[in-house]
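A.B. asks: Here it is, the structure, as structure tokens.
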Amino acid sequence: MILKQLFNQNNLLKSLMLFIAACIWLPCIHFFYKPDIREYRSNEGISLKARMIAASHLEIWTDPELRELEFRKMRAQNPEWDFMSRTYFVLALANMSLRDEKYKQQSCEIIDAILDNTLRIEREKEFYQFLLDYGYSDSWVMRPPRSQFIDGEIALMLAARRLIEEKAAYIPLLSERVEIMVSRMRQSPVLCAESYPNEYWVFCNTMSLAAIRMADVLDGTDHSAFLSSWINTAKKKLTESESGLLISAFDVNGTPVLSGFGPEGTSIWMACNMLQIVDRKFAEDQYRRARKELFDSFLGFGYSREWPTSSVGVADVDSGPIIPYLGASASASGLALIAAAGFDDTEFFSSLITSLNFAGFPTEKDGKLSYEASNPVGDAVMLYAIVEGPLWNEVERRSSQWIITRKTAQESRL
């Protein structure tokens, strides 16, 4: 009996020691994964990690067999990923070119290859090639059917390429697509066009707004009144009353497509980034609200929830796996990197990278960096996040020049 009591006491002591050790050790784990931000974000030039991630993507786009293998795998899971990986990589290359002149020639060549391939697929197989299966439904509201998802991101790629270096062949392509988008957006009471049959996504429409803004500074057109109307309409009809955040998906009248489709991390973070060049004040307001509602951390590891705590969300293919209890979304957290970098939120950015270093299983080999838990679209999002900034600065610089030129022209006529 005495031996049994001693044995039980010994086990209890061991359990207590393990519990104390866990309480001390677990909160310290994140320190082993906390990044040196200077390796990721650089005020001048291109950071070490950016060059390494870019090397992996450049290998994909310069090796046709590897490219086809990677995109075939993504199309099998989600054809949208194939398309979006192109957009994010183009945006990343544009920012890298503006950061470091030596990347310019190669970036232009790769972007031209991406655009040529994308436009050829759209021309030969139509935009449906990049949509999920329900995109083939015949219940499109606007006729003829078109996807704002496809139009907006192609326009964004064309504009980004022209902001690096002008290319005459892309001028009419961008102009035509912008006018189509604006015309279709005006057909809706909420100034949005559908990405899927009777589904209007704030993600896609804010990317379109950014492309329209970029086209204005490139071509001297003026859609400022339309952009201003969109912001005013969004404030009145596309924001959730409780959080004040833009809702993610809605019908032609702005009604959420499902009762649970309110704000989503996978939409709002990208919307914040795109709106920076459309209406900076509104973008900052949305970012502050999203950070308050969606940002959280656990034992030093930062993450974004897919939905505000006040909302009951509905998981979809964009949400990806949601971690129970925490509500953390890998997809939302990845896109939050873009917003955190764009708004110079070092605390949020650093905590997200800490989580990525822990759960993303980074692999470095031959000067290249990739994440085993990710895929080309995820890595492209990461690359865009750590190099972004110069492209939007270039838009604002040219916008200022355009305003001065316009004012001078008006004064000379007087």
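A.B. asks: What pairs come out if I take residues in region 379-405 that are within 30 Å of residue 369 (Cβ to Cβ) and pair them with residues that are at pLDDT below 90 and small (Gly, Ala, Ser) whose C-beta lies under 9 Å away, six or more apart or interchain?
C.D. replies: Filtered contacts from region 379-405: 379/56; 379/370; 381/374; 382/360; 382/374; 383/56; 386/42; 387/42.
A.B. asks: Now a separate question. Return a yes/no flag: does region 52-59 have any residue that is farther than 30 Å from residue 126 by Cβ, in contact with an Asp or Glu (Cβ under 8 Å, 6 or more places away or on another chain), crowded, with 16+ Cβ neighbours inside 10 Å and not small (Gly, Ala, Ser).
C.D. replies: Within region 52-59, one or more residues are farther than 30 Å from residue 126 by Cβ, in contact with an Asp or Glu (Cβ under 8 Å, 6 or more places away or on another chain), crowded, with 16+ Cβ neighbours inside 10 Å and not small (Gly, Ala, Ser).
A.B. asks: Next question, about the same structure. Taking into account only those residues within region 60-105 that are more than 25 Å from residue 391 (Cβ to Cβ) and outside any helix (DSSP H, G or I), which is farthest from the chain's Cα centre (by Cα)?
C.D. replies: That would be 63.
A.B. asks: In this structure, does residue 226 turn out to be touching a Lys or Arg at 6+ places or on another chain (Cβ under 8 Å), under 26 Å from residue 145 (Cα atoms) and either among the aromatic types (Phe, Trp, Tyr) or surrounded by fewer than 22 Cβ atoms within 10 Å (Cβ to Cβ) (or both)? Show your work before the answer.
C.D. replies: On the way: touching a Lys or Arg at 6+ places or on another chain (Cβ under 8 Å): yes; under 26 Å from residue 145 (Cα atoms): yes; either among the aromatic types (Phe, Trp, Tyr) or surrounded by fewer than 22 Cβ atoms within 10 Å (Cβ to Cβ) (or both): yes.
Spelling it out, residue 226 is indeed touching a Lys or Arg at 6+ places or on another chain (Cβ under 8 Å), under 26 Å from residue 145 (Cα atoms) and either among the aromatic types (Phe, Trp, Tyr) or surrounded by fewer than 22 Cβ atoms within 10 Å (Cβ to Cβ) (or both).
A.B. asks: Would you say residue 49 is under 22 Å from the mean Cα position of the chain (by Cα) and surrounded by fewer than 16 Cβ atoms within 10 Å (Cβ to Cβ)?
C.D. replies: Spelling it out, it is not the case that residue 49 is under 22 Å from the mean Cα position of the chain (by Cα) and surrounded by fewer than 16 Cβ atoms within 10 Å (Cβ to Cβ).
A.B. asks: Looking only at helices (runs of 4 or more DSSP H) that fall completely inside region 163-267, which ones have 1 or more residues that are more than 27 Å from residue 126 (Cβ to Cβ) and either within 22 Å of the chain's Cα centre (by Cα) or in contact (Cβ under 8 Å) with a residue 60 or more places away in the chain (or both)?
C.D. replies: So the answer is 202-219, 224-237.
A.B. asks: How many residues does region 60-92 contain that are farther than 15 Å from residue 341 by Cβ, surrounded by 15 or more Cβ atoms within 10 Å (Cβ to Cβ), in contact (Cβ under 8 Å) with a residue 40 or more places away in the chain and of a type outside the set (Phe, Trp, Tyr)? Steps first, answer last, please.
C.D. replies: The first filter runs over region 60-92 and keeps only residues farther than 15 Å from residue 341 by Cβ, leaving 60-87, 89-90.
Then keep just the ones that are surrounded by 15 or more Cβ atoms within 10 Å (Cβ to Cβ); that gives 60-61, 67, 70-71, 74-75, 78-87, 89-90.
Keeping just the survivors that are in contact (Cβ under 8 Å) with a residue 40 or more places away in the chain gives 60-61, 70-71, 74, 78-87, 89-90.
Checking which are of a type outside the set (Phe, Trp, Tyr) leaves us with 60, 70, 74, 78-80, 82, 84-87, 90.
So the answer is 12.
A.B. asks: Is one or more of the residues making up region 355-375 modelled with pLDDT of 90 or more and among the acidic types (Asp, Glu)?
C.D. replies: Among the residues of region 355-375, not one is modelled with pLDDT of 90 or more and among the acidic types (Asp, Glu), which makes the answer no.
A.B. asks: Could you tell me which of the residues 64, 79, 27 is out of contact with any strand residue (DSSP E or B) (no Cβ under 8 Å at 6 or more places or on another chain), at pLDDT 80 or above and over 24 Å from residue 274 (Cβ atoms)?
C.D. replies: None of the other options fit; the residue is 64.
A.B. asks: Going through 380, 332, 340 one at a time, which residue ends up being modelled with pLDDT of 85 or more, more than 22 Å from residue 86 (Cβ to Cβ), assigned to a helix (DSSP H, G or I) and within 18 Å of the chain's Cα centre (by Cα)? If you could, list the steps in order and put the result at the bottom.
C.D. replies: On the way: 380 fails: more than 22 Å from residue 86 (Cβ to Cβ); 332 fails: more than 22 Å from residue 86 (Cβ to Cβ).
Result: 340 is the single residue among 380, 332, 340 that is modelled with pLDDT of 85 or more, more than 22 Å from residue 86 (Cβ to Cβ), assigned to a helix (DSSP H, G or I) and within 18 Å of the chain's Cα centre (by Cα).
A.B. asks: So, one more: Within region 118-148, how many residues turn out to be touching a helix residue (DSSP H, G or I) at 6+ places or on another chain (Cβ under 8 Å) and either of a type outside the set (Ser, Thr, Tyr) or farther than 30 Å from residue 50 by Cβ (or both)?
C.D. replies: Number of matching residues: 15.
The values are calculated or read from the model by the stated rules, or taken from the named source; none is laboratory data. Not measured: the values here are computed from a predicted model. Positions of Cβ are generated from backbone atoms using ideal geometry, with glycine treated the same way; all protein chains shown enter the neighbour counts.
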